[in-house]
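Quick notes on the structure that follows.
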Amino acid sequence: MTQVPASTESSRRSFLKTTAATGAAATLLQRSVHAQGDSTLRVGLVGCGGRGSGAAVNVMTADKYAKIVALADLFEDRLTQCRQQLGRKDSKFADQFSVDDDHCYVGMDAYQKLLDNANVDVVCLCSPPHFRPMQLEAAIKAGKHVFCEKPIATDPTGVRKVLEIAKQAEAKKLNLVSGLCWRYDRGVKATIERIQDGAIGDIVATQENYLTGTLWQRIREPEWTDLEYQMRNWLYYRWLSGDHIVEQFIHSLDKSLWLHNDTPPVSAYGLGGREVRKDPVFGDVYDHFSVVYEWADGTKTFAHTRQMSDCFGQVEDFIFGTKGTAKVLANEIKGHAGDWQFEGEKPSMYDEEHRALFSAIRDGRVINNGQYMCYSTLMAIMGREACYSGQVIKWDKLLNSPMDLSPHTYDFGAAPSVSVPVPGKYTVA
Ligand SMILES: NC(=O)c1ccc[n+]([C@@H]2O[C@H](COP(=O)([O-])OP(=O)(O)OC[C@H]3O[C@@H](n4cnc5c(N)ncnc54)[C@H](O)[C@@H]3O)[C@@H](O)[C@H]2O)c1
């Protein structure tokens with residue numbers, strides 16, 4: 001069983017000052033970082049659902065001296081479920097999970113209470129995407145290192161805000177690691193590096209397929225208000241999830257962005273709709289999208305995503321070059337210089353992203369994934385708006401769009417009204 005050494009508050013504090021230090025001071029202080037490499041890093045989790053609980057396990061796996069000490073969630077039952085699951089006495093992480101009643105925070109301001117009171121060094125932000133800009137802003141303001149799940153917003157206003165917060169994180173030398181986990185997958189990284197080194201010549205086009213089944217749905221309890229229903233079923237509401245092109249397909253679109261050296265596309269058009277999600281319980285989201293993205297260099301991305309059961313399923317990135325082809329998720333290249341297949345070790349990419357975060361903190365380095373997590377989010381919003389409207393959407397215009405999907409109030413009661421966008425009628429703000 002891993003024994004987490006009890007750290008004194010003073011050594012922990014000086015260690016953390018080290019990680020926020022700059023320039024020459026950082027070099028000097030790095031020595032003490034190495035000396036204190038076994039100092040406890042206190043971690044708070046915001047959003048204790050499926051991914052949040054998983055991220056907590058990834059934290060404890062990645063760094064044996066990291067300790068989950070605080071939980072925050074909108075709903076008490078979700079927090080309790082997570083606390084019980086992670087706090088099992090027979091868990092191999094029993095020594096790294098220590099959350100007492102005083103460090104459990106519930107409600108809309110739970111994240112702020114955690115940041116103000118729990119004395120954490122790192123926060124994992126794993127609530128639904130709509131809440132990311134406000135929670136990330138508070139975390140960086142409070143001087144915390146952050147693991148930030150994708151996507152980072154559901155509208156351009158949120159994306160612009162996060163671009164600004166990412167700059168603040170950089171200025172404060174705080175780590176900001178994105179949950180776009182494929183960027184931390186060894187096989188995917190090696191494949192993309194080879195493509196970027198010319199293994200298939202120049203990229204002509206990429207095809208992104210995320211053809212998958214349906215997702216969970218939470219049956220309405222009689223005591224839930226309309227807003228609570230939406231928040232518990234956040235996947236199906238554009239203002240909360242961004243629609244599945246943003247919430248899920250972002251993983252694939254991000255790989256196209258990465259292959260274009262994080263330069264965004266200039267325009268997009270597409271088509272989509274909801275063929276099987278006709279029931280109002282599915283809010284206002286579509287069940288399929290097909291988008292053509294165009295880059296300034298003339299290359300294109302053909303992007304298809306579908307969430308329907310009993311249909312052909314495939315999740316893969318197909319890359320077409322002047323001298324060959326590649327499949328990124330299969331880690332496979334067929335190029336002019338011969339075929340190549342990644343055969344190295346493949347530890348969990350979810351553990352790897354936390355290894356990167358925690359080793360950066362301990363080594364006094366800073367990772368900032370801010371720009372690409374914002375760009376891939378906006379790329380997904382661009383595809384969504386192209387399909388909703390039936391129009392061509394330009395990157396520069398969308399980046400400056402006033403679109404803000406926030407509700408007037410978060411008080412439980414009436415919910416924002418929803419209507420399914422009709423192409424040709426829907427207009428982009
Ligand atoms: N990187 C990945 O592979 C991956 C996989 C799954 C989910 N995700 C992302 O993780 C996030 C969470 O997804 P999930 O599957 O865990 O959903 P979930 O519904 O299981 O969990 C979300 C949790 O956040 C809580 N919550 C809701 N509003 C909140 C608020 N304002 N403040 C604090 N907590 C709040 C909910 O009560 C719930 O416990 C999403 O952004 C999703 O896109 C990423």
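The values are calculated or read from the model by the stated rules, or taken from the named source; none is laboratory data. Everything numeric here is computed off the predicted structure, so don't read it as measured data. Note that each Cβ is placed from the backbone with ideal geometry, even for glycine, and that neighbours are counted across all protein chains shown.
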Looking at Asp226, Asp254, which is the one that is within 14 Å of the ligand (Cβ to nearest atom), of a type outside the set (Phe, Trp, Tyr) and out of contact with any strand residue (DSSP E or B) (no Cβ under 7 Å at 6 or more places or on another chain)?
Asp254
Of everything in region 259-315, what is out of contact with any Ser or Thr (no Cβ under 8 Å at 6 or more places or on another chain) and aromatic (Phe, Trp, Tyr)? Give them in sequence order.
Tyr269, Phe282, Tyr286, Phe312
Give all pairs with beta carbons closer than 9 Å in which a residue from region 92-110 that is more than 25 Å from Phe131 (Cα to Cα) and of a type in the set (Lys, Arg) meets a residue that is surrounded by 21 or more Cβ atoms within 10 Å (Cβ to Cβ) and modelled with pLDDT under 95; count only pairs at least 6 apart in sequence or on separate chains.
none
Going through (1) under 21 Å from Arg78 (Cα atoms); (2) buried (at least 24 other Cβ atoms within 10 Å of the Cβ); (3) more than 15 Å from the ligand (Cβ to nearest atom) one by one, Asn117 fails only at (2)
Which residue pairs have Cβ atoms under 7 Å apart, sit 6 or more places apart or on different chains, and have a first residue in region 41-62 that is closer than 26 Å to Asp363 by Cβ and in contact (Cβ under 8 Å) with a residue 40 or more places away in the chain and a second that is aromatic (Phe, Trp, Tyr) and away from the ligand (no atom under 15 Å from the Cβ)?
Leu41/Tyr65; Leu41/Phe358; Ala62/Phe358
How many residues does region 397-420 contain that are free of Cβ contacts under 8 Å to residues at least 40 places away in the same chain and either surrounded by 15 or more Cβ atoms within 10 Å (Cβ to Cβ) or of a type in the set (D, E, K, R) (or both)?
1
Of everything in region 300-349, what is acidic (Asp, Glu) and over 14 Å from Leu211 (Cα atoms)? Give them in sequence order.
Glu332, Asp339, Glu343, Glu345
Scan region 208-231 residue by residue and report those that are assigned to a strand (DSSP E or B) and crowded, with 19+ Cβ neighbours inside 10 Å.
Glu208, Asn209, Tyr210
Return the residues of region 325-346 that are touching a strand residue (DSSP E or B) at 6+ places or on another chain (Cβ under 6 Å) and either over 27 Å from His244 (Cβ atoms) or in a helix (DSSP H, G or I) (or both); say none if nothing qualifies.
Thr325, Ile333, Lys334, Gly335, His336, Trp340, Gln341
